[in-house]
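The values are calculated or read from the model by the stated rules, or taken from the named source; none is laboratory data. Model, not experiment: these values are computed from the prediction. Note that we place each Cβ from the backbone using ideal geometry, even for glycine, and neighbour counts take in every protein chain shown.
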Amino acid sequence: MTSSPAEAAHLRDLARLRRVRDRIDREYAQPLDVEALARGVNMSAGHLSRQFRLAYGESPYGYLMTRRIERAMALLRRGDLSVTDVCFAVGCASLGTFSSRFTELVGMPPSVYRREATEATAGLPACLSKQVTRPIRNREAQVRQPQLT
């Protein structure tokens, strides 16, 4: 079975995109930018951003921030770190950006989440609380209802 050069290039791009996504998952707390991620897989930053969005439904930066917020949620549920400590522990350099993105994804500010989540998940095993409290990506994307004609 032979594939066209375009199909082969597409499969190579998908493999590189998986490597980028895996790197974000592993190194979310490190300073990462699209240029560095693109250099790591020999792509231009623009091409990486476009292809990543096509493959995963969000930009590499959006995916990175979602990863950071997921980890922040787990740290806040523990209740032993301040919001500022959590912000820096997950790799965010700006408390304002962290709080804005957290509120956008979770629906409440990190300080409120910290207070409410520790009460709400008390007694739940960590694996269940992680699953129940996972943020929803692309909350801003509206689900289209099928049109009946």
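Computed quantities for the displayed model
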read-out	value
Count of the range 1-32 residues which are touching a Pro at 6+ places or on another chain (Cβ under 9 Å) and assigned to a loop (DSSP other than H, G, I, E, B)	1
Single condition D13 does not satisfy, out of (1) more than 23 Å from M108 (Cα to Cα); (2) acidic (D, E); (3) touching a residue at least 60 places away in the same chain (Cβ under 8 Å)	(3)
Condition check for R114: touching a helix residue (DSSP H, G or I) at 6+ places or on another chain (Cβ under 9 Å), assigned to a helix (DSSP H, G or I), surrounded by 20 or more Cβ atoms within 10 Å (Cβ to Cβ) and charged (D, E, K, R)	yes
Residue match in the range 69-79 (condition: surrounded by fewer than 18 Cβ atoms within 10 Å (Cβ to Cβ), outside any helix (DSSP H, G or I) and not acidic (D, E))	yes
Restricting the range 44-62 to residues that are among the charged types (D, E, K, R) and surrounded by 14 or more Cβ atoms within 10 Å (Cβ to Cβ), the residue that is modelled with the lowest pLDDT	E58
